[in-house]
Amino acid sequence: MSKGSRVHASRIALLITITLATGVSPKPAQASASENEVESQLPQSSTPTESFSGQIEYSFDSSLNMTHVRLSAPLDTRGVLGRIFFAPPVVDTLIASYEFAGRSISHVPDAIHLTLISDEYVDSVAAEESLLAAPDHGLDLVVGARVRRYGITVAEGLRATTIPGAGPRNLGDERNGRFVMQVPERRQVHISRSLTSLLSICEFVDLISQNEVKGRVAGLDVTISRGVLVGLRQLALEMRPTGPLSAGGGEETVLC
């Protein structure tokens, strides 16, 4: 082989080597892509000018090494006049809670407990009929264009109360005659319920993306206002990992 042929062959070999080195690149780590997907589905920021209903509380159980996070918010959206002239809603409080190991959250929780608290006063006859009726152990919420049903667990408490009646009074005058009126006492039953459902993180993210959510729980009407949903979004913001997994390490995690 001549000297020119050898030089030409060397150039071809060098060109092939450069092509292979630059044309084949490793694929990005799947775990990093999944972690980005996890955080991208949580709210990115809250609106500073928009206040939310309720309060977020943290508590740490040193014996179990668990942190409990809880948002409690009233569902009564009436103004001052509304509170004066109208009765409060039967389902009056929402509680959202989750927990994680340690003091610093390392991954988005898999599920959220959603608890609705109801209080109502009914007469004793209605209370007996309620106990005999088949219970509706379900939570139906209108999320977007769909009605979604979730199972619930019910903790119920009953307490009988008596409303005193008015004693005998003489009414009328001598011209029209007199008669006695007496208002009998009334027996009522205070029914308090704690209705809890477990929502996956995907269902929770879908729920808080709405402006208002209406539905029924155990046969009772419920409305989750925008102010409460803003509070739930703030709760979701605080689910963002702050531990080692937030830097891209650890096992692959898929949110939805």
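The values are calculated or read from the model by the stated rules, or taken from the named source; none is laboratory data. This structure is a prediction, so every number in the text was calculated from the model and none was measured. Quick reminder, even Gly has a Cβ in these numbers, built from the backbone with ideal geometry, and neighbours come from all protein chains shown.
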(Q) Suppose the filter is in contact with a Leu (Cβ under 8 Å, 6 or more places away or on another chain), at pLDDT 90 or above, hydrophobic (A, V, I, L, M, F, W, C) and surrounded by fewer than 14 Cβ atoms within 10 Å (Cβ to Cβ); does residue 217 pass it? (A) no
Q. Out of all the residues in region 186-202, which are in contact with a Phe, Trp or Tyr (Cβ under 9 Å, 6 or more places away or on another chain) and within 20 Å of residue 154 (Cβ to Cβ)?
A. 189, 190, 191, 197, 198, 199
Q: Return the only residue of 100, 86, 60 being closer than 24 Å to residue 203 by Cα and either modelled with pLDDT of 85 or more or surrounded by fewer than 18 Cβ atoms within 10 Å (Cβ to Cβ) (or both).
A: 100
Q. In region 117-163, which strands (runs of 3 or more DSSP E) lie fully inside it and hold 2 or more residues that are modelled with pLDDT under 75 and farther than 20 Å from residue 229 by Cβ?
A. 153-163
Q. Restricting attention to region 90-100, and to residues there that are among the hydrophobic types (A, V, I, L, M, F, W, C) and under 13 Å from residue 199 (Cα atoms), which single residue is nearest to the chain's Cα centre (by Cα)?
A. 96
**Q.** Within region 101-115, tally of residues that are more than 10 Å from the chain's Cα centre (by Cα) and within 17 Å of residue 234 (Cβ to Cβ)
**A.** 3
